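Presented below is the structure to which this report refers.
The values are calculated or read from the model by the stated rules, or taken from the named source; none is laboratory data. Because the structure is a prediction, the values reported are computed rather than measured. No Cβ is skipped: glycine too gets one built from the backbone with ideal geometry, and neighbour counts run over all protein chains shown. Ligands, DNA and RNA are stripped out before the accessible areas are found, and what is left, the full protein with its side chains, is counted by its heavy atoms. Shrake-Rupley method; radii C 1.70, N 1.55, O 1.52, S 1.80 Å.
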Amino acid sequence: MLVLPGVVYLLVFQGIPLLQEMRLSVSNTSLLNPSRFNFIGVANFSRLLRDPNFFNSIQVTAIYVAGCVIGTIGLGLFAALLMDREFTGRSFVRSLIIIPWAAPPVAIALVFRWMLNGQYGIVNRGLEPLGLMPAEGLWLDNPSLALITVLAITIWQLFPFTAVVILASLQSVPKELKEAAQIDGAGLWAQFHAVTWPVIRPTVALLALLMTIWSIRRFELIWLLTQGGPVGSTNTLVIDLYRRGFIINKLGEAAAVGMVGMAVSVLVTIAYFAVANRATRAEKMR
């Protein structure tokens with residue numbers, strides 16, 4: 001009875017839309033006539049398998065997701081370890097670091113588009129004297145730099161969340177174990193590996209799962225920065241879905257792309273719990 005409200009919520013707001021998406025994925029429904037349903041089976045999925053743009057979106061999504069997970073958790077862990085130490089103004093730094101995560105993605109995208117503008121952007125003004133400005137000052141309009149730039153902006157926005165969560169986990173590391181390791185002459189790396197990491201590892205693993213799923217479905221930041229361009233260099237699965245459904249008006253194809261994205265998220269979740277259960281069994285056997 002206690003979990004019933006949550007179950008009902010999931011069935012109404014997740015289950016019904018999912019069934020509708022599955023229904024759309026086997027039709028050639030158009031946005032111009034969304035009420036018209038014409039069953040075509042797996043034709044949409046077959047069409048995707050023959051579409052090089054779809055495979056490009058999978059590749060871009062994989063790179064984007066890997067970069068987000070590694071960058072946000074790596075930078076967040078580093079920031080959390082620094083904030084876990086005693087220093088003057090620590091409370092102020094802990095409050096200040098959360099600002100990028102709290103800022104609206106729309107505002108972040110608009111600010112960075114201004115900062116990275118090829119003609120009057122402040123980033124190019126600062127890098128030009130150092131000789132580090134890219135060709136023609138283009139960041140978001142350069143196919144070789146667009147994805148890296150979007151990744152850097154995403155990591156800057158998301159790493160405060162991972163830092164705060166990991167910092168909370170670091171507070172649960174027993175001080176007695178740290179002191180014992182220091183008395184035994186263990187260095188910083190040995191202390192982290194033997195004392196800190198076993199405690200925060202479950203938290204880091206859960207963060208990796210959340211960041212993976214959130215990165216797969218991230219839309220607004222990428223769309224406002226590049227709209228999937230240039231030349232498809234930032235065209236992730238979600239951007240591809242939006243373009244097929246609301247620009248090309250092919251809701252059926254868009255739903256098929258969405259089903260692929262959902263399948264990837266489910267596989268990632270299953271893999272996470274399989275690894276977590278295996279690790280738990282291994283620890284119990286020790």
*Sorting 1, 259, 211 by accessible area (1.4 Å probe), largest first, what list results?*
1, 259, 211
*Check residue 27: other-chain or 5+ apart residues with amide H under 5 Å from its amide H, H built from backbone geometry?*
40
_Using each residue's phi in the stretch 65-72, evaluate 6.51 cos²θ - 1.76 cosθ + 1.60 at θ = phi - 60° and report the 3J(HN,Hα) Karplus result to the nearest Hz, with x for Gly and Pro._
5, 4, x, 5, 5, 5, x, 5
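For 60, 164, 231, what's the largest-to-smallest order of accessible area, 1.4 Å probe? Please list the in-between numbers first.
On the way: 60 10, 164 60, 231 135 Å².
The residues order as 231, 164, 60, largest area first.
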*For the stretch 204-262, evaluate the Debye formula with one uniform point scatterer on each Cα (no solvent term) and list log10 I(q)/I(0) at q = 0.18, 0.28 Å⁻¹, rounded to two decimals.*
-0.64, -1.12
*Once Lys and Arg get +1 and Asp and Glu get -1 on their Cβ, which of 114, 65, 98 lies farthest toward the positive end of the dipole of the stretch 60-165?*
98
*On a 0 to 90 degree scale, rounded to 10, what angle separates helix 251-285 from the longest Cα axis of the chain?*
30
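Suppose every Lys and Arg Cβ carries +1 and every Asp and Glu Cβ carries -1, with no other charges. What dipole size does the chain come out with about its Cα centre, to the nearest 20 debye?
On the way: 21 positive and 14 negative charges, 123 e Å.
So the magnitude is around 600 debye.
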_Fluctuation leader among 90, 23, 113 - the chain, Gaussian network, Cα springs under 10 angstrom_ = 90
*For the Cα atoms of the chain, what angle does the longest principal axis make with the long axis of helix 16-25, in degrees from 0 to 90, nearest 10?*
50
